[in-house]
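This report refers to the structure that appears directly beneath it.
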Amino acid sequence: MSSPQFLTVSAVCVYDREGRLLTVRKRGTEKFMHPGGKPEPGETAAQAASRELAEEVGISIRPEYLQHLGTWDADAANEADTVIRASVFSAPGVWEATPAAEIEAIRWLDLDHEWPSDLAPLLTEHVLPALLETRGAR
């Protein structure tokens, strides 16, 4: 058994007017996750998050306005034997999103209802519990 590969990524929690969380599914994959991706050389985590958000779903927000939610390690949703270290941010305000670049589908997730089984491990193991804890729900 080979040891896992590690990837550094940034991701962003974005909400619509109904308070639902944006999830995206990349082309050719099965799991829904946050918009986000790998930083380019010289980018901070927040800069990568801001750039990926604009590229993937057309949401433009300056990196300094993103609020750091946490950094977690989780199994990668779409790469075998890979662990991601994700810096996760929240974008204040309400947004509309349009799939672009490698994003094939978007889905708004109501945190107060049962979660679908096709969510990425980072979401189910770390981010959603943290979001619910900060809201005092569940």
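Scan 71, 98, 134 and give me the residue that is at pLDDT below 95 and either part of a loop (DSSP other than H, G, I, E, B) or open to solvent by 60 Å² or more (accessible area, probe 1.4 Å) (or both). Steps first, please.
On the way: 71 fails: at pLDDT below 95; 98 fails: at pLDDT below 95.
One residue alone meets the criteria, 134.
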Next on the checklist: If I ask for residues that are aliphatic (A, V, I, L, M) and at pLDDT below 95, which ones from the stretch 101-129 would you list?
Outcome noted: 101, 111
Checklist entry - Quick one: is residue 25 open to solvent by 30 Å² or more (accessible area, probe 1.4 Å), under 12 Å from the mean Cα position of the chain (by Cα) and either β-branched (Val, Ile, Thr) or modelled with pLDDT of 95 or more (or both)? => result yes
Checklist entry - Scanning for something in contact with a His (Cβ under 9 Å, 6 or more places away or on another chain), surrounded by fewer than 18 Cβ atoms within 10 Å (Cβ to Cβ), at pLDDT 95 or above and not in a loop (DSSP other than H, G, I, E, B), does the stretch 36-59 turn up at least one residue? => result no
Checklist entry - Only one of (1) touching a Lys or Arg at 6+ places or on another chain (Cβ under 9 Å); (2) more than 22 Å from residue 6 (Cα to Cα) fails for residue 100. Which number is that? => result (1)
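The values are calculated or read from the model by the stated rules, or taken from the named source; none is laboratory data. Bear in mind that the values here come from a model prediction, so they are computed numbers and not experimental data. No Cβ is skipped: glycine too gets one built from the backbone with ideal geometry, and neighbour counts run over all protein chains shown. Accessible surface is based on the protein model in full, side chains and every heavy atom, while ligands, DNA and RNA are left aside. Shrake-Rupley method; radii C 1.70, N 1.55, O 1.52, S 1.80 Å.
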